[in-house]
Every structure is written in structure tokens, then in C-alpha cells.
Amino acid sequence: MNYCFYLDWNGLTPSEWAAWTQAILSGAAIFAAAMIPAWQEKRARKRRIDVYTDIIHHAECEAQSTLSHIDTAVGRAIRSTEEKEWSMLCKIFDSIPFHDVPDYKLYGVIRDASRASASIREVYEPLLSSEDKVTECVVMEVREQARVLAQCYEDAAEVSNRLAGKSLRYRWFNLKQ
């Protein structure tokens, strides 16, 4: 038995054209239906990565602010009615569901950023409500933890760029290096 796969498109009747059109469009609809959930999952994953990266960036900015605040106050007490930003940041880091982190490298970055934030909170926030003087040791500790947070942000942006594609928000890291 011989099969011929040659199709004479010119000799098709309107009902055959309708059948072929329906078959092609049905295939396209099935393909689109299969791709939409994957696209939505990729967007949700990218959003989660960007949120985690933004949290780390906020902690890095706060660390730089804290460092400049205590760097100018070495040898004297700092009295402030400033909010306890570090306590709030530590609560945010503690509330991150690690089962939801999209990449194991981001897990380590978030863990390190959380530890650095807790270290800054432990040395800085007690100074705000006491008469204790800022020592050089406190400044060195905050400086080291600010460096850790800067590295965490850079690593998180790298993971973001690698996993979710180049984002305009984090593209400057590649230009900076």
C-alpha cells in the first residue's frame, strides 16, 4: 500500500480548507495553552527574585546610612528617636520562606544578609537608647557588616540576572565591573 503525502492546496474544497484551518489553529491553541502556565511561572519567579534582591538592597542602603551616622559620632553618645529600622529589617529577613527561594545560591545570600543585618542591629540599636559612646570597634563591626551586605546585594543581582534574564534594574552591575 502506498501513501502519498502530497497535498494539492489548489484543489481543496471549502470544507477541506475549513478542516485544515481548524486543525492548524487547534494545534496553535494547544501550544499556547501549554506555554501560558510556564510563562506565568517564570514571571512569578522573577518577581520573587526581584523582591528578595530589593530587600537586600534596602539593607545595604541602611547599612551605609548607619555607618555614616556612627562614623561621625565616634567618641560620643548618639541620642536619637530614629525608628528601629534594623529590627524591622531583621523581621523581614526572618519572615522569608526559604522553601520559596528559587535558587540555592540566593538562599545563601539571603542567609548572609540576614546575619549581617542582625549583627548591625545588635551593636547599633542599643546605642540609640543609651548614653554609651560610639567606639571604633562598633564602627569597624558596622563597616564589615556593610561590606557583607554590599557583597550580598551584588550576588543577589547576579543571581537575578542569571535566573530571570537581564533586568534593567540590575544591569548596571555588569557595567560597574
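Please work out which residue is surrounded by the most Cβ atoms within 10 Å (Cβ to Cβ), limiting yourself to the stretch 88-111 and to residues that are more than 13 Å from THR53 (Cα to Cα) and touching a residue at least 12 places away in the same chain (Cβ under 8 Å). Looking at the filtered set, the residue picked out is LEU89.
Name the residue that is farthest from TYR107 (Cα to Cα), counting only residues in the stretch 50-66 that are of a type in the set (Asp, Glu) and surrounded by 17 or more Cβ atoms within 10 Å (Cβ to Cβ).
Just the residues of the stretch 50-66 that are of a type in the set (Asp, Glu), to begin with: 50, 54, 60, 62.
With the extra rule that they be surrounded by 17 or more Cβ atoms within 10 Å (Cβ to Cβ), the set shrinks to 50, 60, 62.
Details: ASP50: 14, GLU60: 17, GLU62: 21 Å.
So the residue we want is GLU62.
Just to be sure before I move on: is ALA73 at pLDDT below 85 and surrounded by 10 or more Cβ atoms within 10 Å (Cβ to Cβ) in the structure I sent? In short, yes. No other residue among GLN22, GLN40 is over 18 Å from ALA146 (Cα atoms) and either of a type outside the set (S, T, N, Q) or at pLDDT below 90 (or both) apart from GLN40.
The residue that is farthest from ALA157 (Cα to Cα), counting only those in the stretch 26-56 that are touching a residue at least 40 places away in the same chain (Cβ under 8 Å) and among the hydroxyl-bearing types (Ser, Thr, Tyr), is TYR52. Could you list, in sequence order, all residues of the stretch 154-165 that are within 21 Å of ASP112 (Cβ to Cβ) and either assigned to a loop (DSSP other than H, G, I, E, B) or not aliphatic (A, V, I, L, M) (or both)? Of everything in the stretch 154-165, those that are within 21 Å of ASP112 (Cβ to Cβ) and either assigned to a loop (DSSP other than H, G, I, E, B) or not aliphatic (A, V, I, L, M) (or both) turn out to be GLU154, ASP155, GLU158, SER160, ASN161, ARG162.
Scanning the stretch 118-153 for residues that are assigned to a helix (DSSP H, G or I), among the acidic types (Asp, Glu) and either touching a residue at least 40 places away in the same chain (Cβ under 8 Å) or surrounded by fewer than 17 Cβ atoms within 10 Å (Cβ to Cβ) (or both) returns GLU122, GLU125, GLU136, GLU144.
The values are calculated or read from the model by the stated rules, or taken from the named source; none is laboratory data. Quick caveat: nothing in here was measured; it's all calculated off a predicted structure. Counting neighbours? That spans all protein chains shown, and the Cβs are built from the backbone with ideal geometry, glycine included.
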